[in-house]
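Structure first, commentary second.
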Amino acid sequence: MGRCILFVGKSDSILDPIWPRLEARGLRVSLATSQRMAVEQARKRLPDLIIIDGAASRSVQRLSRSLHRIAPHSAFLLLADEHGMPDDVECDMCLPKPFTARKLIARVEKLLEQHAPRVLQIGALRLDPATRVVHGEQGEQHLTPKECAILVFLIEHAGQVVSRQQLMQAIWDTSYLGDTRTLDVHIRWLRKKVERDPSAPLHIITVRGEGYRFDLSPVDGEAPPPDPQPAP
């Protein structure tokens, strides 16, 4: 399955012919014409690269922050208009207009090369965020987009207590805590896929009154492994 690109912007006579050329190179291109669609696509697809047209949103800064929070491991390419881009927009590369199709494709290929697919591994647990496949106590399991996002967040904060508010903000882009049953259900589903005994979890631990903590319990008296690192 090819790597995924998410483009956020309107239909454009210059840009539209470029997407089939990228797909011909084995890449998958998803298009989002609004901030809401962009957020939904980012959660669903966990793209390798997000391209934002500077004219796509009234607040490029807000859009960029939202997408960085949802897809922190994606590369970001901003297409700047004639006025340039605000200094506080976080991106890996900025391409000013006008530009040729060849130049945009070259930038895309460079960013994808720089951001090679990574696999998170902590102990015997191995997670590929790109394919949403995890290998652990239950063997190979396929995760839903939100299950994967939750597990990535927990692994990256291994050993730390993560509050419900942090998870709701990171995964659902909301700080509303009036009803967190959706979070509880996703945690329960996730435990079924990564825990040997979901009813007595050893990895995804509930910290009452606070939230959750990802632990990797010592095996056979061994010390816990170091912080999670991308697998080679």
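Before moving on, here are some points about what is shown:
- Taken over the range 142-164, residues that are farther than 21 Å from ALA130 by Cβ and without any contact (Cβ under 8 Å) to a residue 24 or more places away in the chain amount to 0.
- Restricting ALA71, ALA42, ALA80 to residues that are closer than 15 Å to VAL8 by Cβ, surrounded by 16 or more Cβ atoms within 10 Å (Cβ to Cβ), touching a Ser or Thr at 6+ places or on another chain (Cβ under 8 Å) and not assigned by TED's automatic domain parsing to the domain that holds ILE150 narrows the list to ALA42.
- Complete set of residues in the range 6-55 that are part of a strand (DSSP E or B) and either among the small types (Gly, Ala, Ser) or under 13 Å from LEU67 (Cα atoms) (or both): LEU6, PHE7, VAL8, SER30, ALA32, LEU49, ILE50, ILE51, ILE52
- Selection of the range 11-30 for residues being over 15 Å from PHE76 (Cα atoms) and aliphatic (A, V, I, L, M) yields ILE14, LEU15, ILE18, LEU22, ALA24, LEU27.
- Matching residues in the range 119-168 - criterion: being out of contact with any His (no Cβ under 7 Å at 6 or more places or on another chain) and assigned to a loop (DSSP other than H, G, I, E, B): GLY123, ALA124, ALA130, THR131, GLU137, GLN138, LEU143, THR144, HIS157, ALA158, GLY159, GLN160
- Exclusive hit being modelled with pLDDT under 90 and more than 16 Å from ARG208 (Cα to Cα), set THR144, THR174, THR182: THR174
The values are calculated or read from the model by the stated rules, or taken from the named source; none is laboratory data. Here the structure is a predicted model, which means the values were calculated and not measured. No Cβ is skipped: glycine too gets one built from the backbone with ideal geometry, and neighbour counts run over all protein chains shown.
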